[in-house]
Amino acid sequence: MDHFPTNWGRPRNDAIDAYGTYPIHSRPKNDQDAFSAGVQRTQQPIVTGTSVLAIKYKDGIMMAADNLASYGSLARFKDVRRLHPVGDHTVIGAGGDMSDFQYLQTILDELTISEFTAQDGHSLGPAEIHEYLAQVMYARRSKMNPLWNSILVGGVKDGKKFLSYVDLLGTTYSASTLATGYGGHIAQPLLREAVEGREDTLTEEQALAIIENSMRVLFYRDARSLNKYQVATITAAGVSISESKHLETSWSFAEGIRGYGAQTQ
Amino acid sequence: MFRNTYDSDNTVFSPQGRLHQVEYALEAVKQGSAAIGLRSKTHAVLLALKRSTGELASYQQKMFRIDDHVGIAIAGLTSDARVLSNFMRQQAMSSKMVFNRPIPVNRLVSSIADKAQVNTQEYGRRPYGVGFLVIGQDNSGPHLYEFSPSGNSYEYYAMSIGARSQSAKTYLEKHYEKFADCSFEDLVRHGLHALRETLQQDKELNVNNTSIGIIGPKSEHEKSETPGGAFRILENEAVEPFLQTMRSKEELKEEERQALDASKAEEATGTAAPAADDDVQMSG
Amino acid sequence: MTSIGTGYDLSASTYSPDGRIFQVEYANKAVENSGTAIGLKVKDGIVLAVEKLVHSKLLVPGANRRIQTIDRHIGLATAGLLADGRHLSNRARDEAANYRETYNAPPPLKAVADRLGLYVQAYTLYSSVRPFGISTILGTVDEDGPGLFVVEPSGIFYGYNGAAVGKGKQLAKTELEKLDLSQLSLREAVIEAARIIYLVHEDTREKEFELEMSWIGPETNNTHLPVPQDLLEEAETKAKEQFEFEDDAA
C-alpha cells in the first residue's frame, strides 16, 4: 500500500500497467549502484553434464542420461540426476551447466506448486513446460546471460505424446528421436534408424534396447561420459525414472593397441 | 438508499461491517442495460440489450472478445469495462505466449476479481463501476462466470446483470434445469425470453438493440464457419433469425399453465420468493 | 448490540478514548455476518469445512471454492468478505513461495501464519487502507505434525486444536469443545466436521448452503486436497441423520 498522498494518482509505469490501475507503488528506479556495473554474464559452463537421449515409442516417451557431472576433464560427480520430473506428465533432461540446471529445476518446481494450488482440474503438460522453458531460455540469451543448457522435454498428456528440445540460444526443435551434445552426432543416426516410422509400434523392451545400445556407444566414444545411467519412461499412467543402471562394456580390444595393451612397442 | 457517515470513503467499514462504497459501485452496474448469460453442455451464450442515446445515435457495444475461447458482456461504466477487458486480453495473451495454452477461464476471471478487490481496500481508489458476464470454454466444457466490482466472481448455469435484471433472473431460475441439454437454438430462445423480461413497457427486442455472443459449434442460423467454436458476436441482421424463434408471452403463460396442470398431484410450492436484489453478494 | 464509535471510528488510524480501534472491530462484524468455517486438528491430520451460503440456485455446485491451497501442504479457509479472502490467499502463496526460495524447504505453517499475521496487521495501521474483513483458518501437516492457526482482522493469530469463525462460531465452538480431538482419526474428523456445519446451519435457518471440505493427512500423503466425493457424501448423509433423531424425539 502507498502511504504517501503525493504518490496517489501519479504517472504510472506504462510498460507494465498502462492505465495505472494496478498498485505500482514505487516510482521508476533509475539508480543503478556501482556494484551492478561490475557484474559479468555467463561466459562458460563449469560443472557440466553430457548427452541426453530421448525417443518416442508405442506407449509414450523414453529418455536417458548418465549420472556424471564433469569438472572440465575431471569426472567429478558420479551420482548426479540429470532427469527431472515436472508435475505428473513431464520429464526434462539437461546437459550443459549443472548449476543452471538446478536453477531451472527450482523455477519449474515453483511453477508446479503454483499450478497445484489452483486446484481447478487444469495442469501443465509437456507442451506448456516446453513453451515456458523456451521463453525463459530465449529471454536470458537476449540479455546476454544464458542458462548454459541443452534440454529435452518429453511427456504424455491427454493421450498425446510430446518430445521437444530447447537450448541456451532459445532454439527449439521437435522430432521423434532427439539427442543433445555428443549424442546428437553419435547416437542420433542410430536412434533415427531404429525408431523412425515405428514410433507407434515399438514396445517398451525394444525402446529400452535401442536406448541402451546408444548409451553404450556413447560411453565408448564420448570422453566425458559414464557407464552409469538412468532411464525415464513417461506413459499415460505417469512418470517413472529408473534407478541407476550399469553399462556392460568390453575393452578387450585395447589389448591389441600398442602402448595400451601388453605390448610396449 | 440511505446516506450515512460511513459511505464516503473506500477505506471505512460501517458499524455493521459493510463497505458502502462497494455497495454503491454495485448500483452502478444496475444502471447499465441488461445482459444475460446461460450455458448448456455444448454452448455458452451471452445476450445483451444495447442502448442508444437517441434516434440518430448508434447503439453502445455491450460485448467484447477477449480471446478465441473467451468473451464478455458488460453492464455499467463502459470506460471501466474497457480498462478491465484490456487487462483480460493481456492475461490471455500472456498465457498463450508463456505456456502456449489458452488461459483457463476461471483463472482469467479470478485475475480481474483480485484486481478489483485491491480497488476496494485502498484510499484514493474507487471500486470499478462495471460488472461482467464472462463465457468461455476449456477442456472441461463451456462455462459462464459473473464478475462484480466487489471483487467476487462466481460460476453460474445462467445469470443476468444490469437494469431490471431481477425479472430475467426469475425467468432463468424457472427454466435453468432444462438448459444443460438444450439445443443451441432453444438456448438462445430462452435467453431472448429472459432478456425480454427486462424491457420497459413499450419496448421490444429488435435487430438494432439485441446482440448475441456465442461460444461453441456453429448453429444453423449462422452463415460462416467458426473453427474450434471460437467466440463470435452476432449483431444487426444476423440476430433476426433468432428473434423469429421467440414465443409470445401469452404462449409462454399457456405452456406454464399446462405444465402446472400436469403436476397437479404434487403440491407445487414453486420457487422460493426471490430475495430482494440478491444480484451480487459480498460475503459468503 | 453494535457499539457506535461516533467520530472515533472513521479510520483505522484513530483510537477511541477507551483505547479501541473501531474500524478493526467493524471488520470483525463483517466476519460475523458470513457463513461459518471450522477447522479440526486431530491425531494425524487436519480437516477444514466451510458452510457456503448459496445465494442463487443458478450457481454451479462445486465450482466456487472457498478453501484454497497454499503450497502443497497448507489449506486456507476464510470467513468474511470473499474478495479479501482471495487477496490473502494470493499473499499466502507468495509468502510460501518466498520461504521456499529462501530456505529451499517447504514452509512450516508457523512461518506462513506469522507472515500473514504481520501483513494483516499492517492494514490496521493507516487511514489510507481499510482492514481485511476476514478471519482465516490455516491448517497443515508439516515437520512438526498437524498444525492449525486462525488469523483475525486485527492481525492477531493463535494456534488451535479446534477453530470456528463466522456466523455460527459460538455454537460450533461449543460442539468442538465436546469432542476429544486428539483421539479422533482423520476420517472420524471429517464426519464430525460435516455434522457440526449442518448443526450450525440449522440454527441460522438462512438460505440454502453447500458444504465444502478439505483434508490433510496420511491418506493424502500430507498434501492438501478436497475430501473425495464418496467420503463427502457419507459425511453429509450422517450429518443429516442427526436431525431425523430430533424429529423422532419431538
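Summary table
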| item | result |
| --- | --- |
| Flagged links, alpha-carbon separation over 23 Å, of B:Lys178/C:Lys238; B:Lys249/C:Lys207; B:Lys169/C:Lys240; B:Lys50/C:Lys52; B:Lys30/C:Lys57; B:Lys115/C:Lys173 | B:Lys178/C:Lys238; B:Lys249/C:Lys207; B:Lys169/C:Lys240; B:Lys50/C:Lys52; B:Lys115/C:Lys173 |
| Listed residues B:Gln137, B:Gln91, B:Gln166, most fluctuating in chain B (Gaussian network, C-alpha, under 10 Å) | B:Gln91 |
| Percent RCO, i.e. relative contact order, over chain C, from Cα pairs under 8 Å lying at least 6 residues apart | 28 |
| Distance between the stretch B:172-230 and the stretch C:202-240 - C-alpha centres, whole angstrom | 37 |
| 5 angstrom amide H check on B:Ile66, placed H, neighbours 5+ away | B:Gly71, B:Ile72 |
| For the stretch B:8-61 versus the stretch B:85-132, the gap between their alpha-carbon centres in whole angstrom | 17 |
| Degrees, to the nearest 10: A:182-195 long Cα axis against longest axis of chain A | 70 |
| Only Lys, Arg (+1) and Asp, Glu (-1) charged, at Cβ; the protein assembly as shown dipole about Cα centre in debye | 2680 |
| Length-normalised contact order of chain A in % [C-alpha pairs under 8 Å, at least 6 apart] | 22 |
| Length added when fully stretched, B:Lys253-B:Gln200, from 0.36 nm per residue minus Cα-Cα | 17.2 nm |
| Exercise: per-residue mean of other protein chain Cβ atoms within 10 Å, B:4-10 | 3 |
| Cα centroid separation - the stretch C:102-161 against the stretch A:184-243, whole Å | 49 |
| Nitroxide proxy distance, nm - points 7 Å out along Cα→Cβ at C:Asp94 and C:Leu118 | 1.4 |
| For C:Glu233, solvent-accessible area (1.4 Å; no DNA, RNA or ligand), Å² | 100 |
| Principal-axis tilt of helix A:126-142 within chain A, Cα atoms, nearest 10 degrees | 70 |
| Percentage relative contact order, chain B, counting C-alpha pairs under 8 Å, at least six apart | 23 |
| In Å², nearest 10: area of C:Arg65 left accessible to a 1.4 Å probe | 100 |
| Amide H contacts of B:Ala75 (H built 1.01 Å from N, under 5 Å, at least 5 apart or other chain) | B:Gly131 |
| Given chain B, longest segment not containing exposed loop GluC sites (Glu not before Pro) (DSSP; at most 15 other Cβ within 10 Å) | B:56-203 |
| Per DSSP, loop GluC sites (Glu not before Pro) in the stretch A:127-202 with at most 13 further Cβ within 10 Å | A:Glu196 |
| List A:Tyr260, B:Tyr6, ordered by accessible area with a 1.4 Å probe, largest first | A:Tyr260, B:Tyr6 |
| Dipole moment magnitude, nearest 20 debye, the stretch B:144-184 about Cα centre, only Lys, Arg, Asp, Glu C-beta charged | 200 |
| Signed unit charges on C-beta, dipole axis of chain A, positive-most listed residue A:Pro146, A:Leu168, A:Tyr260 | A:Tyr260 |
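The values are calculated or read from the model by the stated rules, or taken from the named source; none is laboratory data. Quick caveat: nothing in here was measured; it's all calculated off a predicted structure. Note that we place each Cβ from the backbone using ideal geometry, even for glycine, and neighbour counts take in every protein chain shown. Keep in mind that these areas ignore ligands, DNA and RNA; they rest on the heavy atoms of the full protein, side chains included. Shrake-Rupley method; radii C 1.70, N 1.55, O 1.52, S 1.80 Å.
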